[in-house]
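Notes follow once the structure below has been shown.
The values are calculated or read from the model by the stated rules, or taken from the named source; none is laboratory data. Note that this is a predicted model, so its numbers are computed, not measured. Glycine also receives a Cβ, built like all others from the backbone with ideal geometry; neighbour counts cover every protein chain displayed. Note: areas computed on protein heavy atoms with side chains; ligands, DNA, RNA excluded. Shrake-Rupley method; radii C 1.70, N 1.55, O 1.52, S 1.80 Å.
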Amino acid sequence: MTFKHNFKKVLSATAFAAALVVAPAANVSAATNDASSTQQSATATSQDQQASQDQAASQSSAANQSSSTSTSSATSTSTVKKTTKKAKKTTKKSKKKAVRKVAKKTTKKKATKKAKKTSKKSTKKTTKAATAAVTASAGQSQATDQQDDAAKKAAEAAAKKAAAKKKAAAKKKAAAKKAAAKKKAAAKKKAAAKKKAAAKKKAAKKKAAKYWIAMRESGGYYTARNGSCYGRYQLLISYLGGDLSKKNQERTADRYVYGRYGSWVNAKRFWLAHNWY
């Protein structure tokens, strides 16, 4: 009984020491819970192996005792030591394998967790970038639309302003044309009036000069006669061509004066200088 108890204590101490020696120092603090559960499973495995070994040792011991009760205590101790050493070696291998498995599982779990975190971070970053790009594109599109609307409004305003300016220019041109036509008509009317006045004045001068000469030549009588001269303007009878009427006297006198002096005014001027015409 004492031997078995001591053997179990040795195995537990060995397993614990092996776990502390083999496990990496970096993973001890990061995987305390996993190590604890692994240690429990390893301890249970060790206990099962130890029980099997104990049973084998007991059977071996019983066989040895039945075959030779006279075997010395030194031989029994040597056999126990060999068995203990073999069990320790087996337990150490199992512990190492279990610890490696735990370490591999922990590393894989960490790598998976890190990969998930990195993937999540990358996805978040990509989503954020995509959202920013969409927002920027939408903002740019809105800005472009606003610029197009502003340009369209500016073009419409410019066209409207140009049309109004053109209309005003046409109206001004029409008004200027109308004013020019009115001014021209007024000038023409004025010129006509002036011309008419001048003609009237000229006619009055002509009438006055003609009357003055008639009064000087015949006292204004159409039947007055002085030698070979006859009538109101004392023309040669030959000029009258045998027609002594008032109408023919007037027509012949005008033809004579305009042919010789150009006008009755000039004829009067000549008469004043020479007392005849």
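Sort out which residues of segment 134-161 are within 10 Å of the chain's Cα centre (by Cα) and modelled with pLDDT of 85 or more, and write them in order of number.
Passing the criteria: Ala150, Ala151.
I need every pair where a residue in segment 190-212 that is closer than 21 Å to Asn266 by Cβ and open to solvent by 60 Å² or more (accessible area, probe 1.4 Å) has its Cβ under 6 Å from the Cβ of a residue that is part of a helix (DSSP H, G or I) and among the polar types (S, T, N, Q), sequence separation at least 6 or different chains.
Filtered contacts from segment 190-212: no entries.
Out of segment 232-252, which residues are open to solvent by less than 50 Å² (accessible area, probe 1.4 Å) and either closer than 17 Å to Ala209 by Cα or of a type in the set (A, V, I, L, M, F, W, C) (or both)?
Within segment 232-252, Arg232, Tyr233, Gln234, Leu235, Leu240, Gln249, Glu250, Thr252 qualify.
Answer with yes or no whether Tyr256 is hydroxyl-bearing (Ser, Thr, Tyr) and open to solvent by 60 Å² or more (accessible area, probe 1.4 Å).
It is false that Tyr256 is hydroxyl-bearing (Ser, Thr, Tyr) and open to solvent by 60 Å² or more (accessible area, probe 1.4 Å).
Run Ser228 past the list (1) within 22 Å of His274 (Cβ to Cβ); (2) without any contact (Cβ under 8 Å) to a residue 24 or more places away in the chain; (3) open to solvent by less than 60 Å² (accessible area, probe 1.4 Å) and report the number of the one that doesn't hold.
Checking Ser228 against (1) within 22 Å of His274 (Cβ to Cβ); (2) without any contact (Cβ under 8 Å) to a residue 24 or more places away in the chain; (3) open to solvent by less than 60 Å² (accessible area, probe 1.4 Å), the one that fails is (3).
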